[in-house]
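Scroll down for the structure; my scribbles are underneath it.
The values are calculated or read from the model by the stated rules, or taken from the named source; none is laboratory data. Bear in mind the structure is a predicted one, so any value in this text is a computation, not a measurement. Using ideal geometry, Cβ is built from the backbone for each residue, glycine included, and neighbour counts are taken over all protein chains shown. All accessible areas refer to the heavy atoms of the entire protein, side chains included, with ligands and DNA or RNA removed. Shrake-Rupley method; radii C 1.70, N 1.55, O 1.52, S 1.80 Å.
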Amino acid sequence: MNVWQKTRFTVVTGLMLSLANMLASQPLYANWYEATGQARIERGDVNHARRAAIEDALQRATLFAGARLESQQQVIQGILQHHQVTLSSSAELKQVQLISETHSNQQVFITLKAHIVPTASSCNTRYRNTLLLTDIHLAARQDAIYGQLFQLGEHSSRQLAAHLKDFAPALLLKQQSQPLFTEQLDLAAAEQFFEQGQQFILLANIYDLSLGSKASKFWQSSVRERFFALEVQLFDTFERRIRFQREYRTSSHWPDQDKHTPSSHSMAFWQMPYGQKIDQTLRAVALDIQQETQCQPLLAAIQQVKQQQIHIRLGNIHGLTVGDHISLIQVQRDPQHANIRRLVDSPIQLTITEVTAEGAWAASASQQLINHIQVGDIVSVVNR
């Protein structure tokens, strides 16, 4: 077997040497980002945990800089042969300054500063799109009987929410405690969600928790392989389509006698090898969703038109400030088929004049009349 595996989590080799060449004791200035990463010490391997904590910190720093840390591994017959750490094309990692390292409760904590220079195509991370995270649906309920994992969907949603907050700074996360399915997102539902300020909806489904064969090694005779498969869909309510879809698969050891395995709500479950693999998968989901949404424009339907001003459902929490410029998109609907629409870019440029936490007023900077603007027309804040 000779495959290239692209991962977005633990850097196993080569990272310490790369960082040693970049370490510098320069003061904090523009384009420097400070972040803290952590990793668990497994089987006493502090060096491995240190490398993972550094990569975790770099991941956080690069995401807040509007870039992305990527790593490539070449695996031949299960043995790691090569590793390379790079940034996405939107930024360049110049230098890294190690600030501190602490150990506590079998965890390594690394704080560092990274000098990250964005390219001209980098996104403006000040603006935040809204993402609605629905509870992950557990379709594999028959498999869940092993270990009584019937609430794994709900508890995985909590883990995914935590990773989205950590690794998707360009998203404003809102949660719904019930699963949602694509067949429920018809044109009318999509439009309603968009008008309520939900541009992106994340749907997920666990469809495999099955057990494999027993481990062949005599010292592993009490464990079996257990699988985990997750399907993720990112629905765009403005475009009324699924804009991202992916399946994630992993597996790890599971006790053959699972009467005393911890519940999925507990930290003990997420520290098991199987729980750790699921958590790594959820982290990869968060990074993929960040990548898919980070350069998308802020969009909102006009809620009110009054005295040559318009009101929109975007505010401080989305990153808007007084003086920001927004573009206007007029919506022309077919009189006989309301779901058929034509979007027309307007030459009128609007400026934010007043902003609250979740709303804003805007007017034409050149005093152009906006009588032709209607409730339901759309404004756009380009995230660049």
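Filter region 237-259 down to residues that are open to solvent by less than 80 Å² (accessible area, probe 1.4 Å), outside any strand (DSSP E or B) and not charged (D, E, K, R) and give me whichever is modelled with the lowest pLDDT.
Ranking the candidates gives PHE238 first.
Which residues, taken from region 115-139, are of a type in the set (Val, Ile, Thr) and at pLDDT below 90?
Pass one, region 115-139, residues of a type in the set (Val, Ile, Thr): 116-117, 119, 125, 130, 134, 136.
Scanning region 115-139 gives ILE116, VAL117, THR119, THR125.
Do any residues in region 130-153 that are touching a residue at least 60 places away in the same chain (Cβ under 8 Å) and within 21 Å of PHE194 (Cα to Cα) have Cβ atoms under 9 Å from those of residues that are polar (S, T, N, Q) and open to solvent by 40 Å² or more (accessible area, probe 1.4 Å), where the two are at least six apart or on different chains, and which pairs are they?
Close Cβ pairs satisfying both conditions: LEU132/GLN175; LEU132/GLN176; LEU133/GLN175; LEU133/GLN176; THR134/GLN175; THR134/GLN176; THR134/SER177; THR134/GLN178.
Could you pull out the residue among ALA139, ALA162, ALA188, ALA144 that is within 21 Å of the chain's Cα centre (by Cα) and either of a type in the set (S, T, N, Q) or surrounded by fewer than 21 Cβ atoms within 10 Å (Cβ to Cβ) (or both)? Don't jump to the end; show me each part of the working.
Values: ALA139 fails: within 21 Å of the chain's Cα centre (by Cα); ALA188 fails: within 21 Å of the chain's Cα centre (by Cα); ALA144 fails: within 21 Å of the chain's Cα centre (by Cα).
Residue meeting the stated conditions: ALA162.
Report, by residue number, each residue of region 194-212 that is open to solvent by 40 Å² or more (accessible area, probe 1.4 Å) and more than 30 Å from ASP256 (Cβ to Cβ).
Across region 194-212, the qualifying residues are GLU195, GLN196.
Taking LEU234 as the residue in question, decide whether it is at pLDDT 95 or above, part of a helix (DSSP H, G or I) and touching a helix residue (DSSP H, G or I) at 6+ places or on another chain (Cβ under 7 Å). Please lay out each step first, then the result.
On the way: at pLDDT 95 or above: yes; part of a helix (DSSP H, G or I): no; touching a helix residue (DSSP H, G or I) at 6+ places or on another chain (Cβ under 7 Å): yes.
So LEU234 does not fit the description; no.
For ILE326, which of the numbered conditions (1) assigned to a strand (DSSP E or B); (2) in contact (Cβ under 8 Å) with a residue 60 or more places away in the chain; (3) of a type in the set (Val, Ile, Thr); (4) closer than 24 Å to ALA170 by Cβ fails to hold?
Failing condition for ILE326: (2).
Here is a list: LEU69, LEU63, LEU112. Which entry is more than 17 Å from ARG283 (Cβ to Cβ) and at pLDDT 55 or above?
On the way: LEU69 fails: more than 17 Å from ARG283 (Cβ to Cβ); LEU63 fails: more than 17 Å from ARG283 (Cβ to Cβ).
Exactly one of LEU69, LEU63, LEU112 is more than 17 Å from ARG283 (Cβ to Cβ) and at pLDDT 55 or above, namely LEU112.
Regarding region 315-338, can at least one residue be identified that is open to solvent by 40 Å² or more (accessible area, probe 1.4 Å), closer than 17 Å to TRP361 by Cβ and hydrophobic (A, V, I, L, M, F, W, C)?
yes
In a loop (DSSP other than H, G, I, E, B), closer than 17 Å to ASP236 by Cβ and of a type outside the set (Gly, Ala, Ser): is that true of LEU320 in this structure? Show your work before the answer.
On the way: in a loop (DSSP other than H, G, I, E, B): yes; closer than 17 Å to ASP236 by Cβ: no; of a type outside the set (Gly, Ala, Ser): yes.
Against the criterion (in a loop (DSSP other than H, G, I, E, B), closer than 17 Å to ASP236 by Cβ and of a type outside the set (Gly, Ala, Ser)), LEU320 does not qualify.
Applying the selection to region 166-205, what residues are within 30 Å of ALA35 (Cβ to Cβ), in a loop (DSSP other than H, G, I, E, B) and among the hydrophobic types (A, V, I, L, M, F, W, C)?
Within region 166-205, ALA168, ALA170 meet the criteria.
Residues of region 288-305 being within 24 Å of ALA168 (Cβ to Cβ) and of a type outside the set (D, E, K, R), which ones?
Quick first cut of region 288-305, residues within 24 Å of ALA168 (Cβ to Cβ) only: 288-301.
Passing the criteria: ILE289, GLN290, GLN291, THR293, GLN294, CYS295, GLN296, PRO297, LEU298, LEU299, ALA300, ALA301.
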